[in-house]
Structure formats: structure tokens, C-alpha cells
Amino acid sequence: MEPSRTALTRAIDALAATGRVTVTESRTEIAIYQLDSNGVRTVAPLVAPAGFTLSVLADEGGPIALADVTDDSEGIELVATKPAVPDGVLPILTRAGFRAMLERGLDETVVWIEELDRRIDTVCVRYTSWPDVDSFDPHSAPADPARVVRVLGVAGVPDPIGRWLLRDPHADVSGQVLSPWRTKAAGALACAITQEVEPDGTLLFRGPPPTRFRRDRGDRIEVKSFGALQAAAAWVYENPRELENRHGLLSAEIARTALRDGDLADLASVMSVALEGARIAFSFGVSQQSRDALKTLSDLRKAVTEETGKLADATRSLATAMTTSALGNAGLVIARLTLPKGAGFVGSAAIVIGVALALYVAVVIASGCHFVSIQRDLRANWKDRLYRFLPEDEYERMVTKPVGRAEAGFRNTAIASGVLAGVMLVAVTLVVILAAQPPVDPIP
């Protein structure tokens with residue numbers, strides 16, 4: 001079927017090239033107007049072998065049969081229904097239909113083009129051959145050029161560039177089949193990187209010095225220069241947050257390096273040099289910003305180090321308090337067991353001292369918990385006011401995890417110390433109570 005479809009395509013393109021017929025295509029049909037008898041006899045026999053269905057054949061008087069076409073027949077309309085295609089696919093048979101498609105909006109994400117021998121993947125649309133049924137995942141559309149391009153007239157409003165911007169700037173887009181797309185893409189991308197579109201459609205780069213380019217001769221752009229134009233547009237629209245900065249740098253470099261009053265071919269010819277200069281300028285600006293960012297990150301690291309250090313000191317203080325309490329309570333137990341039972345004041349004193357030691361441990365734990373709470377509030381303020389530029393995973397790696405480990409160490413020590421202090425206080429109390437009881441007389 002493929003040779004038959006190609007034969008149908010070439011026959012219709014040959015008729016369209018004469019300028020005597022008009023060809024229109026939709027997703028489901030192809031229509032040819034103003035055919036004469038020779039045109040009908042050339043195209044009609046090729047419709048069915050190509051997998052199409054002849055749905056309309058008519059002249060000014062209405063529908064006619066193919067057998068009724070005479071040598072002097074003119075003004076005939078032929079409409080053929082295209083075979084069914086998957087959802088999201090726009091099948092294009094002729095070059096005339098392809099050029100018409102480029103001039104209008106596109107709802108589909110895949111375009112089948114007869115005689116195209118390779119895949120061309122742009123950001124949002126795939127151009128490929130009949131019938132390529134492999135799945136295609138469109139990327140997010142780039143930022144709207146209207147954000148950075150000023151339009152001074154009603155004409156020349158920059159188009160969204162998702163279907164003109166190649167995923168690989170240096171993809172092979174050579175050949176006559178893709179020539180209409182290259183020309184349209186060159187104009188759209190040039191309009192997207194300019195600073196102003198003047199009322200007559202001229203592209204203005206303010207500079208200094210101001211430089212203007214006419215939006216013509218897009219078909220004369222060399223393949224290498226077209227790749228440079230694609231790379232420049234991809235760099236400018238790569239990051240929406242940096243769009244204004246990159247757009248301004250590239251525009252300034254173009255104005256500085258280009259000839260005055262050129263066309264699209266002249267603009268594309270200087271794009272490689274201009275892009276290199278813009279990248280250098282951008283890197284220099286980023287390095288200046290990086291110094292401030294590094295200083296901020298250094299301050300953050302210092303703050304985190306100080307906080308973890310203070311938490312470590314609090315943990316050591318708690319461990320010391322717990323050791324002191326344990327030794328004190330152990331001494332009280334030994335003292336009560338070695339003193340005579342009649343020394344009643346010793347038991348009361350032991351309980352009072354045991355409670356004091358337990359309160360000492362509790363105060364140290366409460367002080368550490370209060371410090372942890374204050375530091376958490378301070379970190380929340382740091383993050384919202386000073387470190388908003390840090391990605392969430394980076395902030396977690398630099399702050400949340402190390403501080404969390406320090407807090408976990410303090411928390412575990414606090415739990416262990418509290419439990420141990422409580423156990424020691426209970427032990428002292430029980431020893432005092434048991435030691436105060438009179439001895440039990442043996443049974444006679």
C-alpha cells in the first residue's frame with residue numbers, strides 16, 4: 001500500500017505545483033478543486049489502491065460518475081476519505097496540506113507526513129512517516145515568548161514555540177519535505193528571541209547598537225546555522241525562571257555581533273557566536289550570584305554546626321547529671337543500710353536528697369527540650385526568609401538530617417536518664433521504708 005500512497009501523493013503534488021488546482025486536507029479527508037479531465041483520470045484510479053475512499057466526485061452540476069468525465073470536463077471537485085488513524089494523530093498526504101497545517105493551530109501531538117523518512121521530535125509535536133504508531137510523550141510547553149517580546153503592532157505576535165523547538169537542536173531536518181517546516185520554525189524562533197517586533201514585522205534587537213532583521217529568506221538558512229538558531233532558542237527557554245535574564249543577554253550579543261539590516265539567514269549565521277558570548281556572560285553573572293549563595297550556605301552550615309554542638313553539650317550535661325544522681329542515690333542506699341535503725345532522721349534526709357537529685361535530672365531534661373523547641377522555631381524562620389532558594393531535598397540533607405540525628409541522641413539520653421532517675425528515687429524510698437520497719441521476732 002505504501003507505494004500506492006506515495007504515487008497518490010506525488011500525483012496530487014504535481015497537479016498542485018501547476019497552480020491550476022487547490023488542495024485542502026483535514027484529519028479525515030483530502031479535497032482537490034478545479035480538476036480537469038486529465039487530473040481526474042490521474043488521481044481517481046490511485047485513490048482506492050492507496051487505502052482511501054472516493055467520497056465525492058462532482059462538477060458544477062452536482063455529483064458525476066468517473067465514467068461520465070469527458071475530455072473537456074473542467075472544474076471538478078474530488079474528495080477522498082482518509083483511512084482511520086489513532087487518536088492524537090494528524091495524517092498529512094501532500095506538501096500543500098503540510099504547508100497549510102503549519103499556518104494554523106495544531107491540536108494533535110503526532111503528524112504523519114507522507115514521504116518523510118525520519119522522526120522529528122519537537123518539544124510538543126512529533127513529525128514522522130506514515131504509519132508510525134509508536135507512543136509519543138509531549139514535554140511541557142516552553143514559556144510564552146510574549147513574556148519577553150514586545151509587539152508594537154497587531155501583526156507579528158510571537159507563536160508558542162513548542163512545535164518549532166527541536167528536542168535535539170542538531171537533529172537532521174534537511175530535505176525538501178521538511179523545507180516548509182524549517183522556514184516556519186526559523187521565523188517563529190527568531191521572533192521568540194528578539195526584543196521587539198515592529199509594526200511592519202521587522203525584528204528589533206535594541207543593543208546597543210540597535211539592530212533590525214527582516215523576517216524573510218528563512219528558506220535560505222544553512223543547516224548548520226539552523227541548528228545554532230535551535231540551540232540558542234533552547235538555551236533561552238530552557239528555564240522559565242531565568243528566561244528574562246538569558247533572553248536579554250542573547251539579544252544584546254546578537255546586536256553587538258550582527259550586521260545591520262539583515263534577514264533571517266543573516267541572523268542565523270551569527271547565532272553561534274552570539275550564543276557563546278551570552279553563555280559566558282550568563283556564567284559570569286551566575287558566578288557572582290554564587291558567591292553570595294556560597295556565603296549564605298556557609299552561614300547555614302555554621303548555624304547547623306553550632307546547633308548540633310549545643311545539642312551535644314546538652315546531651316553530655318544530661319549524662320553528667322544522671323551519673324551524679326545515680327552515684328548520689330547509690331550512696332544514700334549504702335548509707336541507710338549501714339546506719340542503725342534508730343537513726344530516723346537519716347531516712348527522711350535520704351528521701352529529700354533523692355527527690356532533689358531526681359529534680360536535678362528533670363531540670364536538665366526540661367532545659368534541653370526547651371532549647372530544642374527554640375531551635376526548631378528558628379530553623380522555620382531561616383528556611384522561609386533566608387534559604388527559600390534551597391531545594392527541599394538539599395535543605396533536608398544539609399539541615400534536617402544532621403540536626404535530627406543530634407535531637408535523636410538527646411531524646412534517647414533524656415528518656416534513659418528520666419527512667420533511671422525515677423528508678424533510683426523509687427529504690428531509695430523503698431530502702432528507707434524497709435529499713436525503718438522493726439525486726440520480726442522469730443516464732444518460738
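The values are calculated or read from the model by the stated rules, or taken from the named source; none is laboratory data. Treat the numbers as computed from the prediction; the structure is a model and nothing was measured. All Cβ positions, even for glycine, are placed from backbone atoms using ideal geometry, and neighbour counts span all protein chains on display. Surface areas here come from the heavy atoms of the whole protein model, side chains and all, with no ligands, DNA or RNA. Shrake-Rupley method; radii C 1.70, N 1.55, O 1.52, S 1.80 Å.
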Determine which residues of the range 187-201 fall in the zone a paramagnetic label at R220 would reach in this model, i.e. backbone nitrogen under 16 Å from the point 7 Å along Cα→Cβ. 187
What figure, in Å² to the nearest 10, do you get for the accessible area of E392 with a 1.4 Å probe and non-protein molecules left out? 110 Å²
How would you rank 366-377, 227-238, highest first, on the average number of other Cβ atoms within 10 Å across their residues? 227-238, 366-377
Counting other Cβ atoms within 10 Å, which trypsin sites (Lys or Arg not before Pro) in the range 219-267 have at most 13 and lie in a DSSP loop? R260
Candidate cut points under trypsin sites (Lys or Arg not before Pro) in the range 1-110, DSSP loop plus at most 13 other Cβ atoms within 10 Å of their own Cβ, are R20, R27, R104
If packing is taken as the mean number of other Cβ atoms within 10 Å per residue, what is the order of 65-72, 419-426, 111-118, highest first? 111-118, 419-426, 65-72
Measure off 7 Å from each Cα along the Cα-to-Cβ vector at S26 and R119, then give the distance between these two points in nanometres to one decimal. 3.0 nm
Report the accessible area of F226, computed with a 1.4 Å probe over the heavy atoms of all protein chains in place, in Å² rounded to the nearest 10. 10 Å²
In whole Hz, what ³J(HN,Hα) sequence does the range 310-325 give by Karplus (6.51, -1.76, 1.60; θ = phi - 60°), x for Gly and Pro? 5, 5, 5, 5, 4, 5, 5, 4, 5, 5, 5, 4, 5, 5, 4, 5
If I model a spin label as a point 7 Å beyond the Cα along the Cα-Cβ vector, how far apart are those points for L152 and D377 in nm? 5.8 nm
Pop out the carbon and sulfur fraction of the accessible area of the range 217-282 as a percent, whole number, probe 1.4 Å. 49 percent
Average accessible surface area per residue within the range 1-75, 1.4 Å rolling probe, Å²: 55 Å²
Probe 1.4 Å, protein heavy atoms only - accessible area per residue of the range 97-248 in square angstrom: 46 Å²
